[in-house]
Structures are given as structure tokens and as C-alpha cells.
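> Take a look at the following structure, please.
The values are calculated or read from the model by the stated rules, or taken from the named source; none is laboratory data. In this text the structure is predicted, and so the values were computed from the model without any measurement. Cβ sites come from the backbone with ideal geometry, for glycine too, and all protein chains shown count toward neighbours.
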Amino acid sequence: MLSIRLPEEMEARINRLAKSTQRSKSFFVKEALSNYLDDMEEYYEVLKRQNDPTRNLISLEELENALELHPKN
């Protein structure tokens, strides 16, 4: 269980949205938090991979060859 205090305007916005959609306030808070957590987990995974000294990078040309893509001249 988690309890949070929201700024009045944010709470008012959630209340309006819940009322107009006939969904619970909890539904929207859970959705927002879930999306935020997905984004943050992805962001930190990218940072981790970006700073990994063992990462293996290839050139665009190598990628195109591996995918059998040949740019038109």
C-alpha cells in the first residue's frame, strides 16, 4: 500500500478525468506510474549499455550488409 500527497491541481485533473471517463482515480495513477516506470527502466538500461566497455558496435555499412540492404546510388 502506498499513500501520496498530490498538488491540488494534479488531484483536480485526476478527479475530472475519473469523473468524465467513469474510471477510478487509482486506475489513472496506476497507468501513469506504470508508463513512467517502463520509461525509466528503459532509460537506465540504455545508460548501462552505453557505458559498457564490452559493447560491440558495428558501422552502418556493416549493418546494411548483414541485413542485405544496399543503398541506391
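> If a residue has to be part of a helix (DSSP H, G or I) and of a type in the set (A, V, I, L, M) to count, how many in the range 1-28 make the cut?
Of the residues in the range 1-28, 5 are part of a helix (DSSP H, G or I) and of a type in the set (A, V, I, L, M).
> Which is at pLDDT below 95 and of a type in the set (A, V, I, L, M, F, W, C), of Leu37, Leu47?
Leu47
> Moving on. So how many residues does the range 29-73 have that are closer than 30 Å to Asn15 by Cα and assigned to a loop (DSSP other than H, G, I, E, B)?
Looking only at that region, the number is 0.
> Turning to a different aspect of this structure: Of the conditions (1) surrounded by 10 or more Cβ atoms within 10 Å (Cβ to Cβ); (2) of a type in the set (Lys, Arg); (3) touching a helix residue (DSSP H, G or I) at 6+ places or on another chain (Cβ under 9 Å), Arg55 fails just one. Which one is it?
(1)
> Another question, if that's okay. Does the range 10-40 hold any residues that are on the phi < 0 side of the Ramachandran plot, among the polar types (S, T, N, Q) and loosely packed, with under 12 Cβ neighbours inside 10 Å, and which are they?
Ser20, Thr21, Ser24, Ser26, Ser34, Asn35
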